[in-house]
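Peer 1: Below are the C-alpha cells for one structure; questions will follow.
The values are calculated or read from the model by the stated rules, or taken from the named source; none is laboratory data. Quick caveat, the model's predicted, so the values are computed rather than measured. With ideal geometry, Cβ positions are generated from the backbone for all residues, glycine too; neighbour counts draw on all protein chains shown. Just the protein is used for accessible areas: all its heavy atoms, side chains included, with ligands, DNA and RNA removed. Shrake-Rupley method; radii C 1.70, N 1.55, O 1.52, S 1.80 Å.
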Amino acid sequence: MSLFYCPPESGQLMLVLREFYQSSIYMTEQAFNFDALTPDFMWYALESIGIRAESGFLPLNSYENRVYQFSDEDRRRFVVKFYRPGRWSPEQIQEEHDFTQELLEADIPVAPPVRLHGATLHHYQGYLFALFASVGGRQFEVDNLDQLEGVGRFLGRIHKVGSRQPFQHRPTLGLDEYLYQPRALLQQSPFIPPHLQTAFFNDLDLLITELEQHWRPDAQLIRLHGDCHPGNILWRDGPMFVDLDDSRNGPAVQDLWMLLSGERGDKLMQLDVILDAYQEFCDFNPAELKLIEPLRGLRMVHYMAWLAKRWQDPAFPIAFPWFDDPKYWESQVLAFKEQIAALGEAPLSLMPHY
C-alpha cells in the first residue's frame, strides 16, 4: 500500500511507518552509512511522492542527516532531508513536524515540511525523508543588537507556543543523554590517547560531579527549538528559524544561552536585549540563568561523544580531522578544568531588573 494514501487522521500512517522503522530492512544506527544515497536513489525517492527533480542535488551543511537543495520540473526550489536511520522514530519526527506547523500557524517564521498526499514524513527503501520549500536569507549577525532583539521577540513567541503542552515522544534534555551515555561511549572509544586517558577521565568525572550538583532544572519544561545557535537562524527582514531536528523538552534558557558570546559584560548586554524582547510575549523565570554554565558543560561532553559515535560516517573524518589528533584531546582536558572553574563563578544575572 502506498503511504501517501493513508489518511493521517486515522493514525494508519504512523502505524505503517512504525512497522517500517522496526522492520529488518531498516538499517541500524551502528551499521549505517549514507553510501546508498546516490542521486539516482534520491530522484526515485522523490518520484515516489510525486516530485520530479530536474536539477542536480546541491548538498547543504548537515552532518546528522543528509540535506539537498534541488529544483523540480516547474522550477520550484525545494530542500529534501533524509533522516539518519536509527536516530529518531517516526513518531518523534512527526512531533517535530507538528510542532513546526503549530509555530507556523502562530505566524512564527519557521521552515515547515511540505505536506503531500496528507503526509509530511515519507519513506523509501530504508530511509525516512521530508520535503521543504527552499528558503534563503542572510547570515544572522550575532553582534547586531537590533537583530538580537528580533530573535528574542520571536523566541518568546516560540516558547509561548511550546509551553502549551510537552512532547510525548521526543526526549527531555537531561543528564543521562548528555552526560552518562556520552561518558560510557567515550570510555569505550579508541580516540583518547593512552597517555591522556587517566587525566582525561579524572577531569571528566570531576566535571560530571560538578554538573550533577548544579543541575537543578526546577523551571517549567517546555517544547524547545533545542539547537538554537546562530547557524540555525537566517535573517530575512526578521529572523527565520530553521532545523528543529533537535527539538525536545527542556528549560527555556536552552534556546537562549548559545546566542551569548564574548566577555561577561558582553553577555549581560546581549541577555538584557534578548529578555527585554522575549518578555513581550512570554514570561521568563530568572532562576533558569543559573543553568547556562551547566548547559554549556552538558553540550561540551555530548559533542565529543557525538563525534566519536558518528566517526564511521565518512563525512565526519573529512569535516572534523582534528578530532583524531592527540592535541584535540589535550585541549579538552584543559577545557574541562575551565568549565569546572566557570561553574564555580556567580551565574549571569540581570537583577534587579529580572
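Peer 1: With respect to MET269, determine if the residue is part of a helix (DSSP H, G or I), over 20 Å from GLY226 (Cβ atoms) and of a type outside the set (Phe, Trp, Tyr). Before you say what the answer is, go through the steps one by one.
Peer 2: Values: part of a helix (DSSP H, G or I): yes; over 20 Å from GLY226 (Cβ atoms): yes; of a type outside the set (Phe, Trp, Tyr): yes.
Yes, satisfied.
Peer 1: Could I ask something else about it? Please work out which one of (1) part of a helix (DSSP H, G or I); (2) open to solvent by 40 Å² or more (accessible area, probe 1.4 Å) is the condition ASP283 fails and give its number.
Peer 2: (1)
Peer 1: Please work out if VAL142 is closer than 29 Å to GLY86 by Cβ and open to solvent by 20 Å² or more (accessible area, probe 1.4 Å). Steps first, answer last, please.
Peer 2: Details: closer than 29 Å to GLY86 by Cβ: no; open to solvent by 20 Å² or more (accessible area, probe 1.4 Å): yes.
The answer is no for VAL142.
Peer 1: Looking at HIS123, HIS117, can you tell me which residue is out of contact with any strand residue (DSSP E or B) (no Cβ under 6 Å at 6 or more places or on another chain) and at positive phi?
Peer 2: Numbers: HIS123 fails: at positive phi.
Result of the check over HIS123, HIS117: HIS117.
Peer 1: Could you please find all residues in the stretch 69-84 being under 17 Å from SER48 (Cα atoms) and part of a strand (DSSP E or B)?
Peer 2: If the condition is that a residue be under 17 Å from SER48 (Cα atoms) and part of a strand (DSSP E or B), then PHE70, SER71, ASP72, PHE78, VAL79, VAL80, LYS81, PHE82 are the ones that fit.
Peer 1: Kindly indicate which of TYR68, TYR63 is more than 16 Å from the chain's Cα centre (by Cα) and open to solvent by 20 Å² or more (accessible area, probe 1.4 Å). Can you show your working first?
Peer 2: Working: TYR63 fails: more than 16 Å from the chain's Cα centre (by Cα).
After ruling out the rest, the residue left standing is TYR68.
Peer 1: Being open to solvent by 20 Å² or more (accessible area, probe 1.4 Å), in contact with an Asp or Glu (Cβ under 9 Å, 6 or more places away or on another chain) and closer than 26 Å to GLU345 by Cβ is the filter here; which residues of the stretch 228-246 pass it?
Peer 2: If the condition is that a residue be open to solvent by 20 Å² or more (accessible area, probe 1.4 Å), in contact with an Asp or Glu (Cβ under 9 Å, 6 or more places away or on another chain) and closer than 26 Å to GLU345 by Cβ, then PRO230 is the only one that fits.
Peer 1: Hey, another quick one. Quick check on LEU298: is it closer than 20 Å to ARG216 by Cβ, assigned to a helix (DSSP H, G or I) and within 19 Å of the chain's Cα centre (by Cα)? I'd like the intermediate steps shown before the answer.
Peer 2: Details: closer than 20 Å to ARG216 by Cβ: yes; assigned to a helix (DSSP H, G or I): yes; within 19 Å of the chain's Cα centre (by Cα): yes.
Taking the combined requirement at face value, the residue satisfies it.
Peer 1: Listed residues PHE154, PHE129; which is surrounded by 22 or more Cβ atoms within 10 Å (Cβ to Cβ), in contact with a Gly (Cβ under 9 Å, 6 or more places away or on another chain) and either hydrophobic (A, V, I, L, M, F, W, C) or at pLDDT 95 or above (or both)?
Peer 2: Values: PHE129 fails: in contact with a Gly (Cβ under 9 Å, 6 or more places away or on another chain).
One residue alone meets the criteria, PHE154.
Peer 1: Among the residues of the stretch 212-258, which ones are in contact with a strand residue (DSSP E or B) (Cβ under 9 Å, 6 or more places away or on another chain), in contact (Cβ under 8 Å) with a residue 40 or more places away in the chain and polar (S, T, N, Q)?
Peer 2: If the condition is that a residue be in contact with a strand residue (DSSP E or B) (Cβ under 9 Å, 6 or more places away or on another chain), in contact (Cβ under 8 Å) with a residue 40 or more places away in the chain and polar (S, T, N, Q), then SER247, ASN249 are the ones that fit.
Peer 1: I would also like to ask the following. For a quick check of your reading of the model, give me the residue pairs whose first member lies in the stretch 321-338 and is more than 16 Å from LEU207 (Cβ to Cβ), whose second is outside any helix (DSSP H, G or I), with beta-carbon atoms closer than 6 Å and at least 6 apart or on different chains.
Peer 2: Between residues of the stretch 321-338 that are more than 16 Å from LEU207 (Cβ to Cβ) and residues that are outside any helix (DSSP H, G or I), the close pairs are PRO326/PRO193.
Peer 1: Still on this structure: What tally of residues in the stretch 301-318 results from selecting those that are open to solvent by 20 Å² or more (accessible area, probe 1.4 Å), farther than 22 Å from MET258 by Cα and in a helix (DSSP H, G or I)?
Peer 2: 4
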